[in-house]
Amino acid sequence: MGLENFLIVSAVLFSIGFYGALSKRNAITVLMSIELMFNAVNLTAVALSRYVVPESLATAGQNAGQDAAQFLLTGHIFAIFIITVAAAEIALGLAIVIAIYRNSESVFVTDATQMRN
Amino acid sequence: MGPTMIGQGTEASLLVDIVFWVLAVSAIVSAFAVVQIRDLFRAALFLIMTLLSIAGMFILLRAEFLAAVQVLIYVGAISVLIIFAILMTGDVEEGSPSHSMRIPVAILSTLFGALAIFVSVSTDWNLLEPAIAAGQVSADAVEGVYSNTIPVIAKLLIRDFVLVFEIASVLLLAAVIGALALIREG
């Protein structure tokens with residue numbers, strides 16, 4: 001179990017999400033695939049922050065204090081903000097899906113063509 | 001006695017490796033099920049399975065706070081929202097068909113995944129544990145952060161990333177107002 005294992009898992013998850021987001025007609029499946037991609041990115045951020053030396057710690061060397069060492073957790077902060085954005089995205093995305101369903105009785109992205117022409 | 005490694009005693013054990021592989025297989029298999037299964041409701045349940053596996057991986061990565069956040073927000077809130085939308089829009093039996101671009105997209109995503117795996121394996125990462133062993137990084141500082149991560153996360157969030165923190169709150173407000181405006185009748 002090392003950095004590469006986590007990165008490979010998250011690369012596979014991201015590709016699955018990418019495939020689902022681009023190939024599915026149902027808008028809710030597309031949103032779920034986007035969630036998969038968000039999670040893959042979160043996993044990458046946390047794995048990198050766990051295994052890789054941050055620049056501040058590398059320059060501080062042996063006498064590193066709390067101020068240099070705290071940047072070990074930058075990936076955690078990224079993941080927290082990504083989760084926040086994902087929550088906002090899914091709330092808006094599902095609101096749009098329900099609005100489209102109300103207008104055209106369909107949740108298929110290929111049927112939402114009202115703005116064409 | 002050498003420098004203390006983070007998570008010493010658990011890092012190299014066979015049990016942790018087994019837990020990692022179980023979580024990895026369940027995450028990937030459930031993710032496949034999310035995009036392949038026809039029944040939307042079951043796809044949402046498999047998405048929850050993937051999210052829980054990733055929460056387990058966060059615990060393996062010593063990000064216990066993020067694991068709790070993942071369970072609360074993704075498994076607790078977002079998946080309930082998705083299931084609610086599936087039930088609202090009906091058509092559960094109609095499932096989730098692919099459109100005509102399925103094969104090119106599959107090839108493209110496979111290529112992307114292969115490229116990402118190649119890059120992550122071939123990059124020469126500046127890893128933490130060898131740097132501690134070589135004495136380039138203070139083991140005490142690292143252990144001090146990982147022994148209690150929540151105060152460090154709080155300090156980073158409120159001090160170093162405070163601007164992003166404020167923007168995130170504005171974003172959430174905008175999302176709430178936008179969702180209400182979209183859903184409102186008329």
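The values are calculated or read from the model by the stated rules, or taken from the named source; none is laboratory data. Fair warning: this is a prediction, and the values are worked out from it, not measured in the lab. Note: ideal-geometry Cβ built from the backbone for every residue, glycine included; neighbour counts use all protein chains shown. Just so you know, the surface numbers come from the protein's heavy atoms only, side chains and all, with ligands and any DNA or RNA stripped out. Shrake-Rupley method; radii C 1.70, N 1.55, O 1.52, S 1.80 Å.
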Scanning region A:56-67 for residues that are in contact (Cβ under 8 Å) with a residue 12 or more places away in the chain and at the interface with chain B (Cβ under 7 Å from one of its Cβ atoms) gives A:LEU57
Do we find that A:VAL53 is more than 7 Å from chain B (Cβ to nearest Cβ) and in contact with a strand residue (DSSP E or B) (Cβ under 8 Å, 6 or more places away or on another chain) in this structure? no
Criterion first (among the aromatic types (Phe, Trp, Tyr) and open to solvent by 50 Å² or more (accessible area, probe 1.4 Å)) does B:PHE65 satisfy it? yes
So which pairs qualify, if the first residue must be in region B:22-43 and under 28 Å from B:MET88 (Cβ atoms), the second must be of a type in the set (Lys, Arg), the Cβ gap must be under 7 Å, and the two must be at least 6 apart or on different chains? B:VAL35/A:LYS24
Name the one entry in B:GLU166, B:GLU129 that is in contact (Cβ under 8 Å) with a residue 24 or more places away in the chain and either of a type in the set (D, E, K, R) or part of a loop (DSSP other than H, G, I, E, B) (or both). B:GLU129
Can you pull out every residue in region B:96-124 that is surrounded by fewer than 16 Cβ atoms within 10 Å (Cβ to Cβ), touching a helix residue (DSSP H, G or I) at 6+ places or on another chain (Cβ under 8 Å) and either outside any helix (DSSP H, G or I) or of a type in the set (Asp, Glu) (or both)? B:HIS99, B:MET101
Scanning region B:41-55 for residues that are of a type outside the set (Phe, Trp, Tyr) and either away from every other protein chain (no Cβ under 11 Å) or open to solvent by 50 Å² or more (accessible area, probe 1.4 Å) (or both) gives B:ARG42, B:LEU45, B:MET49, B:LEU52
Considering only region A:96-117, how many residues are facing chain B (nearest Cβ under 7 Å), modelled with pLDDT of 85 or more and closer than 17 Å to A:THR29 by Cβ? 4
So the helices (runs of 4 or more DSSP H) completely within region A:6-117 holding 3 or more residues that are among the polar types (S, T, N, Q) are A:27-51, A:74-104
Output the number of the condition that B:ARG38 fails; it satisfies all remaining conditions of (1) assigned to a helix (DSSP H, G or I); (2) more than 7 Å from every other protein chain (Cβ to nearest Cβ). (1)
Considering each of A:LEU22, A:LEU31, A:LEU13, A:LEU3 in turn, give the residue that is more than 15 Å from B:ILE54 (Cβ to Cβ) and open to solvent by less than 10 Å² (accessible area, probe 1.4 Å). A:LEU3
Kindly provide the set of residues from region B:132-163 that are touching a helix residue (DSSP H, G or I) at 6+ places or on another chain (Cβ under 7 Å), touching a residue at least 24 places away in the same chain (Cβ under 8 Å) and open to solvent by 20 Å² or more (accessible area, probe 1.4 Å), ordered by number. B:GLY135, B:ILE150
